[in-house]
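Colleague: A single structure is presented below for examination.
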Amino acid sequence: MIRGCWQLSPGHGAGWSRELAAAALDRAVEAARPGRLVLDCADIYGGAERLLGDWMASRQTKRDETVVHTKFVPDLKSLPSMSREYVREIVFRSRERLRVDVLEMVQFHWWDFSISGWIETADWLAELLEEGVVRHLGATNFGQRRLAELLDAGIPVASNQVQLSLLDRRPLRGLAQFCQERGVALLCYGTLAGGLLTDRSAEPGNEADAPKRSASDTRSLAKYRLIAEEAGGATALQRTRAALSEAAERHGAAMADVAVAYVLGQPAVDAAVVGLSRRGLTVAGRKLRLQPEEVERLEEAAPDAVPGPVYGLERDRRSPHGRIMRYDQNAGSAPDA
Ligand SMILES: NC(=O)c1ccc[n+]([C@@H]2O[C@H](COP(=O)([O-])OP(=O)(O)OC[C@H]3O[C@@H](n4cnc5c(N)ncnc54)[C@H](OP(=O)(O)O)[C@@H]3O)[C@@H](O)[C@H]2O)c1
């Protein structure tokens, strides 16, 4: 299990106070024991890297029990003029914000593959592995073709972070098998579809049978409501939720536990990245295992209908999925957004 920190970013939804964030992180550390808590952050989650650095500094024992993965998400407008200096500036800034000597993992995102320079950029990131600034290099939102190009260029990619859930099974149409063959771990976000695949989404203001956006949506919910529409809209969502609920009842677990167990059971999947919960909720992770016939029942209920390759809809900046993205959050050497 990896806990995601996009939720801590001020632009994500109803703000998290520092106290609320610290309490959620404290609970997540406890839930991860006797293992270490792994957090997923990014250079563009305005203020979240610094918040994590401050939190770890204020709790020495928890620092030893916590590992942070971050990302390198260069601004779209900077891609044509990408340079080694830009890469180093952003990565060293993450290290300074997180107050660590070595960044455990930096995950590389590239908005637009029609703009060249991404292999070279990945190579500049790989130099930081050799220098001991970064321990592992990951990719995020890479489909099979582009991931193969990175690997064939000799870039040591340890993992690829992609969206995978019962509603969005695009990675299971080739990418997962490819990752298994090439030894790349899939780290999967969107497993709860921002809350749509949890008991919570039956509550007012968060209704699962209303895939249309609501004013109180977090950015994550807005993103996954669009995915739910692609997957077949309200009917598909209701059927998926009913199947999750039925399996959850059988296991005496929560719908979130089943939704995550489904993802963890897929080929090449090493971890589910589940957003930190304002309510301090945790997920059973690998403690809950689904039988093959249970997986079959879930898949029968949830149509595999999201079209195209991994991150294909999102990569199209004119699509509804592309239009809700924020492309220039790093702003060169700008301080925390
Ligand atoms: N690489 C990328 O492009 C990318 C894109 C999106 C996300 N991510 C990463 O993935 C992480 C997860 O974000 P996501 O957008 O995919 O959201 P998600 O994990 O599908 O949903 C997160 C929401 O689910 C609720 N939740 C958490 N645990 C729960 C539980 N046990 N039971 C019921 N509800 C629970 C929380 O809401 P409450 O606060 O209401 O409990 C939380 O805000 C992000 O923080 C980020 O690190 C990466």
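The values are calculated or read from the model by the stated rules, or taken from the named source; none is laboratory data. In this text, all values refer to a predicted model and were calculated from it rather than measured experimentally. Cβ atoms come from the backbone with ideal geometry, glycine included; neighbour counts cover every protein chain shown.
Colleague: Of the residues that sit in the stretch 309-318 and are within 16 Å of the ligand (Cβ to nearest atom) and surrounded by fewer than 16 Cβ atoms within 10 Å (Cβ to Cβ), which one is nearest to Asn141 (Cα to Cα)?
Modeller: This residue is Gly312.
Colleague: Do we find a residue being more than 15 Å from the ligand (Cβ to nearest atom) and modelled with pLDDT under 95 anywhere in the stretch 187-210?
Modeller: Yes, the stretch 187-210 contains a residue that is more than 15 Å from the ligand (Cβ to nearest atom) and modelled with pLDDT under 95.
Colleague: Of everything in the stretch 265-291, what is over 14 Å from the mean Cα position of the chain (by Cα), among the hydrophobic types (A, V, I, L, M, F, W, C) and under 20 Å from Arg33 (Cβ atoms)? Give them in sequence order.
Modeller: Correct list: Leu281, Val283, Ala284, Leu288.
Colleague: Further question: For Phe108, indicate whether it is farther than 30 Å from Arg63 by Cα, aromatic (Phe, Trp, Tyr), within 15 Å of the ligand (Cβ to nearest atom) and crowded, with 22+ Cβ neighbours inside 10 Å.
Modeller: Judged against the criteria, Phe108 is not a match.
Colleague: Which ones in the stretch 57-68 are more than 21 Å from Pro10 (Cα to Cα) and within 16 Å of the ligand (Cβ to nearest atom)?
Modeller: Correct list: Thr66, Val67.
Colleague: Hey, among the residues in the stretch 228-261 that are aliphatic (A, V, I, L, M) and surrounded by fewer than 23 Cβ atoms within 10 Å (Cβ to Cβ), which one's farthest from the ligand (Cβ to nearest atom)?
Modeller: Ala234
Colleague: Tell me which residues, restricted to the stretch 286-307, are touching a residue at least 40 places away in the same chain (Cβ under 8 Å), crowded, with 18+ Cβ neighbours inside 10 Å and out of contact with any Ser or Thr (no Cβ under 7 Å at 6 or more places or on another chain).
Modeller: Leu290, Glu294, Leu298, Val306
Colleague: Same structure, new question: Find the helices (runs of 4 or more DSSP H) located wholly in the stretch 103-207 whose residues include 3 or more that are within 30 Å of Pro303 (Cβ to Cβ), and list them.
Modeller: Passing ranges, in order: 144-152, 175-182.
Colleague: While we're on this one: For the condition at positive phi and of a type in the set (A, V, I, L, M, F, W, C), what is the one hit in Ala305, Ala331?
Modeller: Going through Ala305, Ala331 in turn, the sole match is Ala331.
Colleague: Answer yes or no as to whether Lys71 is part of a helix (DSSP H, G or I) and either within 11 Å of the ligand (Cβ to nearest atom) or of a type in the set (D, E, K, R) (or both).
Modeller: Taking the combined requirement at face value, the residue does not satisfy it.
Colleague: With (1) away from the ligand (no atom under 14 Å from the Cβ); (2) hydrophobic (A, V, I, L, M, F, W, C); (3) free of Cβ contacts under 8 Å to residues at least 60 places away in the same chain; (4) buried (at least 21 other Cβ atoms within 10 Å of the Cβ) as the list, and Ile90 as the residue in question, which single condition is left unmet?
Modeller: Unmet for Ile90, out of (1) away from the ligand (no atom under 14 Å from the Cβ); (2) hydrophobic (A, V, I, L, M, F, W, C); (3) free of Cβ contacts under 8 Å to residues at least 60 places away in the same chain; (4) buried (at least 21 other Cβ atoms within 10 Å of the Cβ): (3).
Colleague: Only one residue in Asp54, Asp43 is in a helix (DSSP H, G or I) and either within 12 Å of the ligand (Cβ to nearest atom) or modelled with pLDDT of 90 or more (or both). Which one?
Modeller: Asp54
Colleague: To continue, here is another question. Taking the stretch 262-272, which residues are within 11 Å of the ligand (Cβ to nearest atom) and over 17 Å from Leu167 (Cβ atoms)?
Modeller: Across the stretch 262-272, the qualifying residue is only Ala271.
Colleague: Only one of (1) touching a Gly at 6+ places or on another chain (Cβ under 6 Å); (2) within 13 Å of the ligand (Cβ to nearest atom) is not met by Met82, so which one is it?
Modeller: Condition not satisfied by Met82: (2).
Colleague: Then there is this: Please specify each residue of the stretch 27-40 satisfying the condition of being touching a helix residue (DSSP H, G or I) at 6+ places or on another chain (Cβ under 7 Å) and away from the ligand (no atom under 11 Å from the Cβ).
Modeller: Val29, Leu37
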